[in-house]
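The values are calculated or read from the model by the stated rules, or taken from the named source; none is laboratory data. As the structure is a computational prediction, the values presented were derived from the model and not from experiment. In this analysis, Cβ positions are derived from the backbone assuming ideal geometry, glycine residues included, and neighbour counts consider all displayed protein chains. Each accessible area value is taken on the protein alone, full model and side chains, heavy atoms only, with ligands, DNA and RNA left out. Shrake-Rupley method; radii C 1.70, N 1.55, O 1.52, S 1.80 Å.
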Amino acid sequence: MTQFISLKVPAELEHLLFFPEKETILENEHYKRWSGSIPFESFPYELLYYNNVESYAPWTKGAEHVKELLDKWKEIDSECSSLFSERKVNQTSGLMKQGISLFLTAVFWMHGRPVILSSLQRQIESLKDIPVNLAERLSFIIARPAFFHSYRQLSELFQEFEKQYAKYLIKNKNSKKNV
């Protein structure tokens, strides 16, 4: 039986783009373990974590899940590209929101942390192995998610991040060998 729970949006995740309401509803059982599919809800594992609801904590094995997040972006990227080329800009908002959510998730999880949206710029500046000028570029994208230039910028951020992720994997693989 499917069980839905109502959760307050915690202070760590308060952001109008992702949570215009103060509460949200999630299917609790779906997040008790990793299902191998990336959910379309914004930051469901973090919502549960910050509300002290028992669930899987993917950031503890974040580097393992980042590849899946990047693959999911490639699907969204393809759809966005088609919509922008067909000048159907009004249909891109939801996809861009998902893309931004995936990007933030990938960045935080690679660093072994749950996503924190409050004081996002300060949080991003505390991370290593991230694309250049990430805070400023994300600020632009989040302010105008349905613009073509925001889409291009997000796409470029994903490309740069994928390179950072590859370096991260190599570095961590080599450090494990040296132990």
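Here are some notes:
- Yes/no for residue 141 being touching a Leu at 6+ places or on another chain (Cβ under 8 Å) and open to solvent by less than 40 Å² (accessible area, probe 1.4 Å): yes
- Any chance residue 175 is modelled with pLDDT under 90, small (Gly, Ala, Ser) and farther than 23 Å from residue 15 by Cα: yes
- Candidates in segment 98-126 are the residues that are farther than 13 Å from residue 66 by Cα and among the small types (Gly, Ala, Ser); of these, the one that is surrounded by the most Cβ atoms within 10 Å (Cβ to Cβ) is 99.
- Residue in segment 86-109 that is of a type in the set (A, V, I, L, M) and farther than 26 Å from residue 37 by Cα present: yes
- Candidates in segment 23-57 are the residues that are open to solvent by 80 Å² or more (accessible area, probe 1.4 Å) and within 22 Å of residue 95 (Cα to Cα); of these, the one that is modelled with the lowest pLDDT is 40.
- A count restricted to segment 1-30 and to residues that are of a type in the set (Ser, Thr, Tyr) and within 16 Å of the chain's Cα centre (by Cα) stands at 0.
- Residue 76 fulfils the conditions (1) of a type in the set (A, V, I, L, M, F, W, C); (2) under 21 Å from residue 118 (Cα atoms); (3) surrounded by 14 or more Cβ atoms within 10 Å (Cβ to Cβ) except for a single criterion, (2).
- Any hit, segment 83-90, residues being among the small types (Gly, Ala, Ser) and open to solvent by 40 Å² or more (accessible area, probe 1.4 Å): yes
- Verdict on residue 7 being hydrophobic (A, V, I, L, M, F, W, C), touching a helix residue (DSSP H, G or I) at 6+ places or on another chain (Cβ under 7 Å) and in a strand (DSSP E or B): yes
- All helices (runs of 4 or more DSSP H) inside segment 95-179 with 2 or more residues being in contact (Cβ under 8 Å) with a residue 40 or more places away in the chain and either of a type outside the set (A, V, I, L, M, F, W, C) or under 18 Å from residue 60 (Cα atoms) (or both): 148-177
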